[in-house]
Amino acid sequence: MTTRSEQLLETLLDLERSRQRERELRIESEALLERLHQLNQAKDNNVLFFALIDMLRVVIDFQEAFILQKQEDQIFRTIASSSPIFHETIWHNHSLFQRVLKGRPAASFDVALIPEWQEQSPLVHRCVKSALHIPLETGLHDTILVITHSQPRHFSAGHVQQARRFSPLASQALQTLNLQRSLTQRDRFFQLSFDLMGIINFFGSFRQFNAAWSRVLGYTDEELKNKRLLDLAHPLDSPQLNRSFAQLSQNRDAQIECRFVCKDGSYRWLSCSLAPYIDEGLCYIVARDVTDRVQAEQQLLLHARRETDSAFSFLDAVLDNLADGLLVTDAQGTVLRANPTFFNMLDLNAQDANLGPTLEGPLRELIRKCQNNPHEIFETELELPRRRIGQATGTGILHRREANFARENGLHPKSTPSQEELDAFPSSFQYSKHIETSEHNIFQTDDFLGVTVLLRDITTEKEVDKMKTEFISTVSHELRTPLTSILGFAKLIHKRLNETIFPNVQAQAQDRKLLRAVEQVRSNMEIIVSEGERLTSLINDVLDIAKMESGKLEWHMRPIDLQEAIQRAIAATQSLLEESGLTLEIDIENDLPPVAGDLDRLLQVLINLISNAIKFTERGSIICRVRKVAREIVVSITDTGIGIPKEDLHKVFEKFRQVGDTLTDKPKGTGLGLPICKEIIEHHDGRIGVESELGKGSTFFFALPINLQQSLETPIIGLDELLQQIDTYRDIRLEQSQRDHKRILLVDDETTIRQLLAQELQVEDAQIIEASDGPTALMHAEQAKPDLILLDVLMPKMSGLEVASQLKQRGPFFHTPLLVLSIMETREDAFGLGVANYFTKPLGNQLLQEAITESLQHALAPLSILLYDEAPDAAQSIMQHFQKAGDHVVWCSTFQDCLQHIQQHKIDILLLHEQSAKKSGFLRQLRALSLPPSVLLKVYQTPLDPKPQD
Amino acid sequence: MKIATSWASASDQTSIEKAYSALEQQLGGTPNYLYLSCSVEDSIEEISRALKKLAPHIPLHGSTSCLGSMTEQGVHNQDGRGIAIFGILDPVGGYGVGAAQIQHDAKTAAKEAVEAALAMADCPGEVPSMVWMTSAPGHEEAAIAGIAEILGDDVPVTGGSSADNTVSGLWKQCVQDRIYTNAVVLTVLFPSTEVIFAFHSGYEPTEQKGVVTKMGTLDNEGNLDESALEGRMVLEIDHRPAMEVYNEWCGGILDDVVSTGGNILTRTTLYPLGRVAGHVGKIPYFQLSHPDSATERGAFTAFSNICVGDELVLMHGTVESLITRAGRVAASTLDTHGIDHKDIAGALVVYCAGCMLTVRERLGEVVDGLKQALPQTPFLGIYTFGEQGCFLGGENRHGNLMISVLLFRKSETTF
C-alpha cells in the first residue's frame, strides 16, 4: 500500500510539476509570440531593438540592454542601446564572445571578471555587475545582445536556458527584417533598373516584370500581363526566339538579340539573357535595349559596304584600265580574274574566253614557278597574236600575318617547333620566319593566296631593241669593215713600202726631192696607220660604251686568275713602258682566290689604267698592287705622275672628259677609257675609284667581289662515240701530216677580208681555200679537210658559230683548230664549242700569225690526253685504246692528282668520267683553274653508269 | 554532445588504459570531461595518475563511492571494489574542475573550488549551467552556501558526498591527480546542450511530526554545546528527548539504543526524517535527513544539518520503492520536461549509500529500472553519504536518502 501511495504522490508531484512547467512555458510562449509579431513589424533597427528587449523582459528581468556588432576591423561596437553609457563603446573579442557567437548564451555573475568587460569604463562597471550575453544570428554580422543588471549574480542558469529559447526567435526576426530590407532594396533595384527584368513561364507569359518593359515598349502593366513574349517578337525573329525557348525547356540558358514590337507599332532591339528554373517552371529574363547600337552598327555596316563597294569599284576600274594585262589566280592556279587588257592582248573575248588553253605553255610555266617560289619575281616572254611579243612578270600573292604555330596546327604549346614539325606543316609555314616575341611559337608567316601576272606588250621594245642591236651591228660592221680594209691595206702598204720599196728607192735615188718625197710618204703612211688605229680604237670605245649602256654587250664570265691577267696587261703595255723609261713594280699577294669576270674586259681595264699611268707620269715609277681585302680583291695602279686636282676627281669617270681642259702637251685619249672601265667594273659588281694629289701622283683602283659561281655545262658524250671521234680525227691528222703545204680554210662573207687574210697567209706558204658562207664552208671542209679554219661569225645563211658547232660534231674536225675572227662578241659561245681562239676585228697581223702558227704546230703533235676516272678497270681499257693509237695518256684516279697534272703539264684533251667528276666535285675545282680554251674537255658516260631517276 | 561510460576491475595502468580506450572508442574521440567513481578499496591515486597520463589536459573529477558504482553495463562491485569512468565529448561546451581542502570552513573551500573550476573552464565570471559537487561528508550545506555566494542562489548544485565502505572516514576526492580526503571538489558545467536535473526523496510522509526544540554540537574536545541552533545532533523534539520521540514514531524498533546509544544507520533507512523543502502547487516536497546514530543522552545524529524550529516529519519508504525509485525519478524527469529518452546523451545518478546498502542484493534491479527509463543511454550511478540537488522550486539542498539525477541532452534545446 505504501508503495502505491508513494507512487501516487510522486505521480501527483510529477503532474503538478508538468502543469506548472507547462503554464510557465505557455505564458512565456504567448508573451514571446506577441512580442515576436511586433518584432517582425519593425521597420528599422531602433524599433527592432526596443521590440527585442521588450520581448526579452517577458522572460528575464534585467535593467539595461545593448547590441554589439562586429565591424570589419573585427571589433565589436554598440549599434543600439537602452542606456547612453553603452553608446559608442568598443569591445574586443575574447573567449566569452567567441563562445557566445557559437550559439551559447552566457551569463556573468560578475562582469569585472570577464576580459571583454574589463576594458570598459569605470562608469560601466559601476552600473553593471551582472550580464547575460545572447547571440543573434542576422546572417550578416556577428551580433550579440547584452542585457545587464546592477546586482551581481543576477542572472542564473535558468536565464541562460531562456536566452537559448529566445535567441532563435530574435535571430529570426532580425533575419526577417534584413530579408525584408533586402527584398525592398531588390524591388527598388528591380524597378529602377534600366534593363528589362522579368520572370516568365515556359509559355512566355509574364509573371513579374519591372517598369523598364513599359518604359521601353510602351505597354501598360495590365497590357503586359496579358501578353506573351513570343507575341511581341518580330515575325522574322520569332523562329530564333522559339529556338531559345526550346533551349530553356532543356534547362539550358539562352541568349538572343531580336526585335520586339512596341505599342506604337515600332520595333526595338533587345539583347536578352534567359535562365530557366525548371523546378519552379519559370524563366528569368534580363534584357537590354540595344536598338541604338544595332542601328548604329547597321549604319556603319552600310557605310562600310558602300565604302567597300566604292573601293572595289575603283579598284576594278584601276585594274580594268591598266595598260598592262593582269591575270590573277588562286593558290591552285585557277584563274580568278583577268582584266580586259589581258583579253585584248590575247585577242580573246572576255565574255566567252576559256583561259585554259591560253594558260598552257609559258604562262602556265610562269605560274608554276610563282607557286613554287612565291617570294620571287619571274619573267617570261611569250608570243601574242598578230606576231606581237609579250613579257609576263609574275609573283606570288602573299598575305603577311603573325601566327601562333602551335595553336594553328593543334600542337602542344612549347618554345620553338622543330624543323620536322615545320616541315610537316608546309602549307602553313612554308614561307615563314620565326620572330622573337614574349609569346613563343610566333611566326611571321606569308599565307600564299595565289599568283598575279602582269602581261606587257613589248613588241615595240623588242623592235627597238632589235633596231639597236641591228644598228650597233650595222654600225660596227659598216664602220669596221671599211676601216678594217683601210687599216689593213694601209698597214700592208706601209709594210711593203718600208721593207721593199723605200729601201730600193733610197738606195738608188740621188734626187733629194725624191728622197724627201719618200720620207714624206713614209711619214704620211705612219700617220695614216696611227690615225687609222686611233679611229679604230675610238670606234671600239664608242661601240663598247653603247653596247654597255644598252645592255647589248656580251659578257663571258668565268674564273679569272688576276695575276695572269696583270701579266698579260703588262705584256700588252710593255712597249709603252719601254718608251717612257718608267719602271713598273708588281706587288701581288700570294694565294689570291679567283674572281669571276670577263678576262678580256678586265684586261681592257688593266691596260687602260696602266697606259694612263704611263701617259701621265714623266718620271718615277708605277706600282701595281693586288690585295685581298675582306670579300674583295683590290687592284691598284699607283703612279708618281702629275696628279689630279681635288675638284676634278669626280669628273675622271665621266664620258669625253679629260681632266684639265686647257691645252697642254699632255697626251690625249678618247675620253671614254675610264668611263668604259667604270662600266666594266660595275658590271662585275665591283667598284672603281681614284685617289690623287696634284703634282704627286695618283692611285687608280678597282675592287672585285670574291664570288665564284660558275656553271659550266659541258655536254656529256658516250664513251664509244668519244673514242670513235678521236679515232677518226687521228686518221685525218695522219693524212694532214703528209701534205706539203698547210691547207687553211678562210670563211668570211666579206671578199676584202678574205683577200686581206689570204695575202697575209700566203706569206706562210699556206694553201688557202675560201668560203663566203657557212654551207660552202662545210662543203669545203668536208672535201679539203683543212689543217686550220678561220671563221667569221656574222654571215648570212649560217653564222660562223653554227659552222663551228657542226664542224665540231663531225668526227674529222674534232680537233681541227678553229680560229674565229669577228666583230661580234660571242667569245663564250665560241669557246664552248671548242674554238681554239677568238679574235675581234680588226686585229693585229702579228697576233693572228702567232695564233695560226701555234695552232698548226699543235695540231700535228701527238695527243696528250689526261684521263680522270675513279674506276681502274674502265680507265685501263680507255688508256689501252689511246696508247695503241700512239697517244700520250695519263690516268689519274683522284682529282687531286688530276689537278696537279693540269697545272704542271700541257694537255690537249681532258677526259672526265661523269660520275667520278660529279662525285668528287671535280668540275667545280676545274673551273677555278681556268683551263686554256685549247684544251678540249669531254665528259663521258659508260654503259655501266647508273641512269638518273626520272 | 556524446557521453560514454566504462569500467575497470583493477586500478593498474593497464586496466585503466583499457577502460579509457573503451571510453574513447564509444565517444569517437577524446573526451572533454571525465568523472571517476571508485571505492576506497580501489587506489584512486593510481587510477587518477593513470588517467592523467592518458588524458593530461582533460578535466578529471573523482570521488570514492560506497562499495563501487553502477553503469548501464551493470553494478560494478566486486569484493568491495568498483571503478567506473564517465566521459563527456562536448567540444563546444566548457568544463572546469576545482577543489579546495576544507581547513577552516567548507564555505570558503567551496568558493575557492568554484573559482578554480571557472578558471580551468576558462570562464571566469560566467554562470555555469550547473555545479556538480562531491565533498567530504559533514559540510555540504556550507559548501552549497559558498557556491551560492559566488554564483548566486539560482545555479543548480547537484552531487553527492564522498563515501567509503564502512563509514570510517576513509573517503577520498580527486581533481586531476591531486587526491584529497577532506575537500570540496566540484565541476562547473557549461555544456553545449541543456542539462535537466531532478532531486527526489522517494519517501512518503507519515502523520508523525514534531518540531526540533534543541540542537547540540560537539566541540573539538567532545564537549556538548546545547546552544547551537543548527547542526547534525538533534537533542529534543517537542521538548522531549529526540531519540525517544523518534523511536516512538518508528514503532519502537530502536528500543535497544534509546538510552544506550549506538549505530542506527541501517535500521533507519526506511524511516528518514523529512522537512518540507517546498511545494508543488499544494503538494509539499521534502528534504530528508537520515538518523545514523543514537547518543547516550537520548539524542540522535543525522547526515545532514537540522535547525531548531524545523518541523520533522517521519517519512516512510519500502525496499521496493528504493529499488524502483531511481528509474522512476529518471522517467519522471523526462516526462516533466517533455523529453524523449532518445534525446538524452547520458546521465549521472546519485544514489544514497544507505539506500544502496538496504537494497544491496537487488542493485541489479535498480540498474534495470534505470535502463528501462533510459534505454541504450549511458549512465553512471554513485553511492554517496549525502546527496545534493536542486528542488523544483530552485532550492539547492543537501539531503540524505535522496536521489539526484542529471540528464544531459544530445542536442540544442529548441523552442
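The values are calculated or read from the model by the stated rules, or taken from the named source; none is laboratory data. Quantities reported herein were computed from a predicted structural model and do not represent experimental measurements. In this analysis, Cβ positions are derived from the backbone assuming ideal geometry, glycine residues included, and neighbour counts consider all displayed protein chains. Side chains are part of the model used for accessible areas, which takes the heavy atoms of the whole protein and leaves out ligands, DNA and RNA. Shrake-Rupley method; radii C 1.70, N 1.55, O 1.52, S 1.80 Å.
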Along principal axes, Cα extents of the protein assembly as shown, largest first, whole Å: 215, 85, 69
In Å², nearest 10: area of residue B:2 left accessible to a 1.4 Å probe: 100 Å²
Accessible area (Å², 1.4 Å probe, nearest 10) - residue A:312: 120 Å²
Which of A:284, B:203 is most accessible, then next, and so on - probe 1.4 Å: A:284, B:203
Residue list for the range A:886-904, given a label point 7 angstrom along the Cα-to-Cβ vector of residue A:706 and an amide N cut-off under 19 Å: none
In nm, spacing of pseudo-spin labels at residue A:22 and residue A:98 (7 Å Cα→C-beta vector): 4.4 nm
Proximal charge balance of residue A:194 [Cβ under 9 Å; K/R count +1, D/E count -1]: 0
Dmax and Rg, reported as Rg then Dmax, of the range B:211-316 (C-alpha, Å): 13.3, 47
Contour excess over end-to-end distance, with Cα ends at residue A:489 and residue A:393 and 0.36 nm allotted per residue: 29.4 nm
Cβ-isolated cysteines (cut-off 4.7 Å), chain B: B:38, B:66, B:123, B:174, B:250, B:307, B:390
Rounded FRET efficiency, nearest 0.05, which uses the C-beta distance separating residue A:41 from residue A:264 and R0 of 56 Å: 0.80
Between helix B:44-54 and chain B: long-axis angle, C-alpha atoms, 0 to 90°, nearest 10: 20 degrees
Cβ-derived FRET efficiency at R0 41 Å, residue A:344 paired with residue A:802, nearest 0.05: 0.60
5 Å binning of all Cα-Cα separations within the range A:126-253, expressed as whole percents from 0 upward: 2, 8, 12, 12, 11, 9, 7, 7, 6, 6, 6, 6, 5, 3, 1, 1, 0
Spin-label proximity, residue A:202 to the range A:249-273 - amide N less than 19 Å from point 7 Å beyond Cα toward beta carbon: A:249-255
Per residue value of the accessible surface for the range B:211-316 (all protein chains in place, 1.4 Å probe), Å²: 42 Å²
Net length gained if the chain between residue A:876 and residue A:471 were fully extended (0.36 nm per residue, minus Cα distance): 140.2 nm
Cβ-placed point charges (K, R +1; D, E -1), dipole of the range B:222-335 about Cα centre in debye, nearest 20: 480 debye
Computed label-point distance, nm, for sites residue A:298 and residue A:588 using a 7 Å Cα→Cβ extension: 8.7 nm
The range B:249-263 - phi-based ³J(HN,Hα) in whole Hz, Karplus 6.51/-1.76/1.60, Gly and Pro as x: 4, 7, x, x, 6, 10, 4, 6, 10, 4, 9, 9, x, x, 6
Solvent accessible area, Å² - residue A:615, 1.4 Å probe, full protein context: 80 Å²
Relative pair counts by distance (%), Cα atoms of chain B, 10 Å bins: 5, 24, 34, 25, 10, 2, 0
Mean Cβ count within 10 Å, highest first, over the residues of peptides B:81-89, B:155-163: B:155-163, B:81-89
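Could you give the alpha-carbon Rg of the range B:291-415 over 2.2 N^0.38 Å, rounded to two decimals?
The reported ratio for this selection is 1.19.
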Chains A and B together, accessible area buried on both sides, 1.4 angstrom probe, square angstrom: 3600 Å²
Carbon/sulfur fraction of accessible area - the range B:211-316, other protein chains in place, 1.4 Å, %: 49 percent
Residue order for A:306, A:23, A:401 - accessible surface, 1.4 angstrom probe, largest first: A:306, A:23, A:401
The protein assembly as shown, helix-only ellipticity at 222 nm - DSSP H runs n ≥ 4, -39,500 (n - 2.57), divided by all residues, nearest 500: -12500 deg cm²/dmol
For A:108-117, mean number of other protein chain Cβ atoms within 10 Å: 4
Shielded by partner chains, the range B:316-354 residues - at least 40 Å² of accessible area, 1.4 Å probe, vs chain alone: B:328, B:336
FRET efficiency for residue A:535 and residue A:460, using Cβ-Cβ distance with R0 set to 35 Å, rounded to 0.05: 0.55
Average beta-carbon neighbours from other chains, 10 Å sphere, peptide A:92-104: 3
Estimated inter-spin distance, residue A:72 and residue A:751, nm [label 7 Å along Cα→Cβ]: 12.1 nm
Potential extension, residue A:119-residue A:323 segment - 0.36 nm per residue separation minus Cα distance: 63.5 nm
Shielding score for B:138-151, defined as the mean number of other chain Cβ atoms within 10 Å: 1
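In square nanometres and to one decimal, what's the mean projected area of the convex hull around the Cα atoms of the range A:199-350?
If I average the Cα hull's projected area over directions, I get 14.1 nm².
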Sequence of B:361, A:647 when ordered by accessible area, the most exposed leading, probe 1.4 angstrom: B:361, A:647
Other-chain or far-sequence residues with amide H under 5 Å of residue A:795's (modelled H): A:800
Two-decimal Rg/Rh across the range B:1-129, once Rg and the Kirkwood Rh are taken from alpha-carbon atoms: 0.99
Folded to 0 to 90 degrees: helix B:363-373 orientation relative to chain B principal axis, Cα: 60 degrees
